[in-house]
Amino acid sequence: MADSGSKVKKTPFVSAAIEKLRGVGMRITSPRIAILETLDQSDLPLNAYALQEAVTLTGKKVDVVSVYRTLKVLRELDLVHYVQSSDGYLACRLEGEHGSASEMIVCDTCGNVMELDIDPCAMTDLSEQLSSLGFKASRITIEVEGVCKSCDGQ
């Protein structure tokens, strides 16, 4: 399949993802673009099957195996975050690099997820605690569940 990077809507997420994917030698294929665009447009975490269904509803084709493979690479590149409480993946919305550390607030009512920067002081404290235990973290994810501002008034 030919490189399709020139036909993509260039949102910050999609642009960063294409750049990083190319940087690790991956081709920018139509299914990958469809996955990136769908993740970019979703405010809710999507699992592989929901993502495949959402892509299909746009008239594009992608098989679920390709979705799983693409999500794996996107997560390794810190372009998406796995939201455990929702069992889905969410496009990274933060500007700049934050590596494999993320903080999510998850609304129990509407399911929306917002990504927050982890405070550098909190990361330093956590790193010191982990170090004192002889533990080397490969990924740090903090999820806070509750009710968002929009749902709180309902």
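Pull up segment 129-150, narrow it to residues that are of a type outside the set (Val, Ile, Thr) and assigned to a strand (DSSP E or B), then point me to the one that is farthest from GLU76 (Cα to Cα).
The qualifying residue farthest from GLU76 (Cα to Cα) is GLY146.
Say we look at segment 102-116 and pick out the residues that are under 23 Å from ALA137 (Cβ atoms) and surrounded by 14 or more Cβ atoms within 10 Å (Cβ to Cβ); which of these is modelled with the lowest pLDDT?
Checked segment 102-116; the qualifying residue modelled with the lowest pLDDT is SER102.
If you check ALA54, ALA50, which single one turns out to be out of contact with any helix residue (DSSP H, G or I) (no Cβ under 7 Å at 6 or more places or on another chain), more than 21 Å from LYS20 (Cα to Cα), assigned by TED's automatic domain parsing to the domain that holds PHE13 and surrounded by 14 or more Cβ atoms within 10 Å (Cβ to Cβ)?
Result: ALA50 is the single residue among ALA54, ALA50 that is out of contact with any helix residue (DSSP H, G or I) (no Cβ under 7 Å at 6 or more places or on another chain), more than 21 Å from LYS20 (Cα to Cα), assigned by TED's automatic domain parsing to the domain that holds PHE13 and surrounded by 14 or more Cβ atoms within 10 Å (Cβ to Cβ).
Does any residue of segment 78-86 turn out to be under 21 Å from SER15 (Cβ atoms), acidic (Asp, Glu), at pLDDT below 95 and surrounded by 12 or more Cβ atoms within 10 Å (Cβ to Cβ)?
For segment 78-86, residues under 21 Å from SER15 (Cβ atoms), acidic (Asp, Glu), at pLDDT below 95 and surrounded by 12 or more Cβ atoms within 10 Å (Cβ to Cβ): present.
Please go through segment 8-60 and pick out each residue that is of a type in the set (D, E, K, R) and in contact (Cβ under 8 Å) with a residue 12 or more places away in the chain.
Those that are of a type in the set (D, E, K, R) and in contact (Cβ under 8 Å) with a residue 12 or more places away in the chain: LYS9, LYS20, ARG22, ARG27, ARG32, GLU37, ASP40, ASP43, LYS60.
Do you know which residues across segment 57-77 are surrounded by fewer than 14 Cβ atoms within 10 Å (Cβ to Cβ) and under 18 Å from VAL24 (Cα atoms)?
LYS72, GLU76
The values are calculated or read from the model by the stated rules, or taken from the named source; none is laboratory data. The structure displayed is predicted, hence computed values, not measured ones. Every residue, glycine among them, receives a Cβ derived from its backbone with ideal geometry; neighbour counts consider all protein chains shown.
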